[in-house]
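S.K.: Sharing a structure with you now.
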Amino acid sequence: ALSFSQKYKIGIEALDKDNETLFFSLKKVLIASHKREGESPLTNMEALLYSLLKTVQSHSRREEEHLEKINHPAKEAHKIEHRRLEEEFEEEIIKTRVTNQYNMLADKLGKWIESHIAIWDMELKTLS
């Protein structure tokens with residue numbers, strides 16, 4: 001199961017707390033999405049997804065502020081990556097209303113968040 005651990009810490013307290021919150025929110029979505037398949041439907045699945053999206057957006061803005069503060073050379077690319085994810089995430093939520101495949105969306109989001117931290121956020125660790 002996907003969970004926050006030391007390997008995801010980048011040494012910037014506010015961003016580490018955000019990442020831990022992301023993992024916690026994602027775990028709630030993953031658990032709920034997999035319950036949905038064979039058990040009684042979860043009526044708040046979309047609310048959980050939008051809550052996770054809001055967490056992603058808050059984290060993105062805080063990260064962008066940090067990148068601006070340290071005048072990171074890839075700050076614009078990072079911002080573009082954040083907006084791409086946020087738009088794609090919202091589109092996927094809307095599509096999932098029709099397909100009802102919440103578990104596939106949750107798994108996809110988990111892979112994206114883990115990948116984003118491993119690639120983009122870990123670069124910040126080397127600059128801190």
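S.K.: Which angle from 0 to 90°, rounded to the nearest 10, does the C-alpha axis of helix 75-99 make with the longest principal axis of the chain?
M.R.: Taking Cα atoms only, the helix is inclined about 0 degrees.
S.K.: In square angstrom, what is the accessible area per residue of the chain with a 1.4 angstrom probe?
M.R.: In whole numbers, the chain has 58 Å² accessible per residue.
S.K.: When the label point is put 7 Å from the Cα of ALA14 along its Cα-to-beta-carbon vector, which residues of segment 67-82 have a backbone N closer than 14 Å?
M.R.: 67-71
S.K.: Right, here's the next one. Run the numbers on the chain and let me know its relative contact order in percent, using alpha-carbon pairs under 8 Å that are six or more apart.
M.R.: 35 percent
S.K.: So which lysines pass the test for LYS9, namely a Cα distance under 16 Å, with those fewer than 8 places away in the same chain ruled out?
M.R.: Of all the lysines, those that pass the test against LYS9 - Cα under 16 Å, at least 8 places apart if same chain - are LYS17, LYS125.
S.K.: If you don't mind, there's one more thing I want to ask. Determine the order of SER25, SER115 by accessible area, beginning with the largest, at a probe radius of 1.4 Å.
M.R.: SER115, SER25
S.K.: Over all Cα pairs of segment 1-127, how is the pair count split among 10 Å bins, expressed in % and running from 0 up to the last occupied bin?
M.R.: 12, 45, 29, 11, 2
S.K.: How much length is gained if the chain between ARG61 and LYS125 is pulled fully straight, taking 0.36 nm per residue apart and subtracting their Cα-Cα distance, in nm to one decimal?
M.R.: In short, 21.3 nm is gained.
S.K.: May I ask for the angle, rounded to the nearest 10°, between helix 13-38 and the longest principal axis of the chain, with both axes built from Cα atoms and the value confined to 0 to 90°?
M.R.: For 13-38 against the chain, the angle is about 20 degrees.
S.K.: Cβ under 14 Å from LYS75's Cβ, LYS75 left aside: what net charge do those residues give with Lys, Arg +1 and Asp, Glu -1?
M.R.: Computed value for this residue: -3.
S.K.: In degrees between 0 and 90, to the nearest 10, how far off the longest principal axis of the chain does helix 45-69 point, with axes built from Cα atoms?
M.R.: Tilt of helix 45-69: around 0 degrees.
The values are calculated or read from the model by the stated rules, or taken from the named source; none is laboratory data. The structure presented is a predicted model; accordingly, all values stated were derived computationally and were not measured. Virtual Cβ from ideal backbone geometry, glycine too; neighbours counted across all protein chains shown. These accessible areas exclude ligands, DNA and RNA; they are computed on the full protein's heavy atoms, side chains included. Shrake-Rupley method; radii C 1.70, N 1.55, O 1.52, S 1.80 Å.
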